[in-house]
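Visitor: Pasting a structure here, questions to come.
The values are calculated or read from the model by the stated rules, or taken from the named source; none is laboratory data. As the structure is a computational prediction, the values presented were derived from the model and not from experiment. Here the Cβ positions follow ideal geometry from the backbone for every residue, glycine too, while neighbour counts run over all protein chains shown. Ligands, DNA and RNA are stripped out before the accessible areas are found, and what is left, the full protein with its side chains, is counted by its heavy atoms. Shrake-Rupley method; radii C 1.70, N 1.55, O 1.52, S 1.80 Å.
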Amino acid sequence: MKKHMLYLVAFSFILGIIALLFFRSPETAWEIAFGDPDLGHVHFPTLKKTSKPNQFLVCPKDICKNETPDAEPPVYRMTKERLKASFIEALGTESRSTVDDAGDEYRFIMRSPTFRFPDTISAEFFDVKGGATLAIYARAQIGYKDFSVNEKRVRRWLSKLP
């Protein structure tokens, strides 16, 4: 009986620490539990998605040669530099943490409003015949499903591009 009580006290203590971490800073709690929220650089020509439905890929088929994109972007009648600037404008004031903003690439972390689940979004901008286009890969770090959050977010941004 005493052994069971000791386990219960230890479990309660650990649960209390987890709750404290979560309510004080969900970002810290998720990072302790799941690691760095930045899922890293994406090389679109060799990209292979995971089997999880918590991701969304927009990419021209001739750039993403190893994966079938969920949607294909249009060609925008502008330079890739202007397209990147327009994309960042389309993000507006949405809260994000920029991880990488080098050259033609842009990678950032966005979090869900309530539980602060992290999503890594990678975007790359390309010159193509007639203008410029982009590839976007949005993926959740935690869980299996994201209830189409990444898809809705990416489609919202694309609808704001000129």
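Visitor: With the cut-off at 23 Å, tell me which of the pairs Lys80/Lys145; Lys65/Lys160; Lys65/Lys129 have Cα atoms farther apart than that. Mind showing how you got there, number by number?
Guide: Details: Lys80/Lys145 32 Å; Lys65/Lys160 27 Å; Lys65/Lys129 18 Å.
Pairs exceeding 23 Å: Lys80/Lys145; Lys65/Lys160.
Visitor: If contacts are Cα pairs under 8 angstrom and at least 6 residues apart, what is the relative contact order of the range 98-158 in percent? Mind showing how you got there, number by number?
Guide: Details: 85 pairs, mean separation 13.7, N = 61.
This gives 22 percent for the range 98-158.
Visitor: Let me ask another. If you take every DSSP beta bridge whose two residues both sit in the range 43-151, what share of them, in percent to the nearest 5, is antiparallel?
Guide: Details: 25 of 26 bridges.
DSSP beta bridges in the range 43-151 are roughly 95 percent antiparallel.
Visitor: Select one label from [x] 0.99; [y] 0.93; [z] 1.12: the one whose number is Rg/Rh (Cα atoms, Kirkwood Rh) as derived from the coordinates shown.
Guide: Given [x] 0.99; [y] 0.93; [z] 1.12, the calculated one carries the label [z].
Visitor: Quote the FRET efficiency, to the nearest 0.05, computed for Arg156 versus Ile32 with a Förster distance R0 of 30 Å and r equal to the Cβ-Cβ distance.
Guide: On the way: r = 31 Å, r/R0 = 1.03.
After rounding to 0.05, the efficiency reads 0.45.
Visitor: For Ser95, what accessible area in Å² do you get when you roll a 1.4 Å probe over the heavy atoms of the protein chains, rounding to the nearest 10?
Guide: 90
Visitor: May I ask you to compute the full-extension gain from Thr50 to Thr98, defined as 0.36 nm times their residue separation minus their alpha-carbon distance, rounded to one decimal in nm? Mind dumping the intermediate values first?
Guide: Values: separation 48, 0.36 × 48 = 17.28 nm, distance 2.33 nm.
Taking Thr50 through Thr98 to full extension adds about 14.9 nm, to one decimal.
Visitor: How high is the relative contact order of the range 46-162, in percent, counting Cα pairs under 8 Å that sit 6 or more residues apart? Write down the numbers at each step before the final one.
Guide: Values: 215 pairs, mean separation 37.0, N = 117.
Worked out over the range 46-162, it gives 32 percent.
Visitor: What value, in deg cm²/dmol to 500, does the helix sum -39500 (n - 2.57) over DSSP H runs of n ≥ 4 give at 222 nm once divided by the residues of the chain? Write out the running numbers ahead of the final one.
Guide: Details: 4 runs with 56 residues, N = 162.
Theoretical 222 nm ellipticity from helices: -11000 deg cm²/dmol.
Visitor: Could you calculate the FRET efficiency of Ile14 with Ile142 from 1/(1 + (r/R0)^6), where r is the beta carbon distance between them and R0 is 25 Å, rounded to 0.05? Mind dumping the intermediate values first?
Guide: Numbers: r = 20 Å, r/R0 = 0.78.
Working from the Cβ atoms, E equals 0.80.
Visitor: Roughly how many percent of the accessible protein surface of the chain is carbon and sulfur, given a 1.4 Å probe and a whole-percent answer? Intermediate values should be presented prior to the final figure.
Guide: Numbers: 5900 of 9780 Å².
Summing carbon and sulfur atoms, their accessible area is 60 percent of the total for the chain.
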